[in-house]
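Nothing in this text is a laboratory measurement; each read-out follows from the coordinates by a stated rule. Since we're looking at a predicted model, the values are computed, not measured. Backbone-built Cβ (ideal geometry, glycine too); neighbour counts: all protein chains shown.
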């Protein structure tokens, strides 16, 4: 006769009951956008789809502790995720997949360009932070505004490898000019880094500012974006600068 380990069976049943309770609670709080759920609980539930037979609570806490925030988890590379105990290939893949879905959702539907205006800088900065969500490589975007200050279009100007970004400054100005732009805001990210301004950042920005000015376009600012911070390059290089 094969004897079952009673303690393991009870633990398994307790864990199954915990997941079922969480799922019911999640569905019951849909009307208030599941606001009662903490970040570690959301991550715990997500991991349950890739780790069906183990408690994922501890793994969720380890991920948040290592990467600092839920956003930090979703912006972390596939390889780095697997350095966390309990996170295997499928869990890392699931997190990276969800990260990409989030970014596509933001690009497609979270912001209507017509709702973003130059007199709402808080929305512009939020928009910029979300543009870079999930990217581990450097990118540069250009926001194009019409004469009234309404956002017309957002263009990706360049994408680098790691922390290196090569920009065609002449093409950048031509693209803005061809679209009848009056005002421009530039932004590039420092993945996993700080928003410190380098001499190269300042030199590139001042060169672009002069080039835009010669064709009647105003470069309002060039921002460095990180996960939790941003720095205006023109303002940093010249505190008295006003566009």
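For the pair residue 120 and residue 200, label points projected 7 Å from Cα toward Cβ lie 3.6 nm apart.
Ranked by the mean number of other Cβ atoms within 10 Å per residue, highest first, peptides 168-178, 64-74 order as 64-74, 168-178.
For the chain, the relative contact order is 12 percent, taking Cα pairs closer than 8 Å that sit 6 or more residues apart in sequence and dividing their mean separation by the residue count. For the chain, the share of DSSP beta bridges that are antiparallel, to the nearest 5, is 70%.
How much length would be gained if the chain were fully extended between residue 215 and residue 80, taking 0.36 nm per residue of separation minus their Cα-Cα distance, in nm to one decimal? The partial results should precede the final answer.
Values: separation 135, 0.36 × 135 = 48.60 nm, distance 4.51 nm.
Roughly 44.1 nm would be gained on extension.
Cut-off 10 angstrom, C-alpha nodes, Gaussian network model of the chain. Which of 154, 214, 181 fluctuates the most? Result: 214 has the largest fluctuation of those listed.
Stretched out fully, how many nm does the piece from residue 36 to residue 65 gain, at 0.36 nm a residue minus the Cα gap? Mind showing how you got there, number by number?
Working: separation 29, 0.36 × 29 = 10.44 nm, distance 2.06 nm.
So the chain would gain 8.4 nm between residue 36 and residue 65.
Bridge orientation summary for segment 113-237: considering DSSP beta bridges with both residues in this region, about 70 percent are antiparallel. Helices in the chain, meaning DSSP H runs of at least 4 residues, each add -39500 (n - 2.57). Divided by all residues, the mean residue ellipticity at 222 nm is -14000 deg cm²/dmol.
Can you order the peptides 224-236, 94-106, 31-43 by their average number of other Cβ atoms within 10 Å per residue, highest first?
Values: 224-236: 18.5, 94-106: 15.2, 31-43: 13.1.
So the order, starting with the most tightly packed, is 224-236, 94-106, 31-43.
Rounded to the nearest 10 degrees, the angle from helix 199-214 to the longest Cα principal axis of the chain is 50 degrees. Based on alpha carbons, the Rg and Dmax found for the chain are 22.9, 89 Å.
The stretch between residue 101 and residue 166 holds 20.7 nm of extra length on full extension. This uses 0.36 nm per residue minus the Cα-Cα distance. Considering only 45, 152, 121, the mean-square fluctuation computed in a Gaussian network model of the chain, springs between alpha carbons under 10 angstrom, is largest for 121.
To the nearest ten degrees, helix 169-178 and the longest principal axis of the Cα atoms of the chain are 80 degrees apart.
For the chain, the longest principal axis of the C-alpha atoms and the axis of helix 6-28 are separated by about 40°. For the pair segment 64-101 / segment 147-195, the C-alpha centres are spaced 28 Å from each other.
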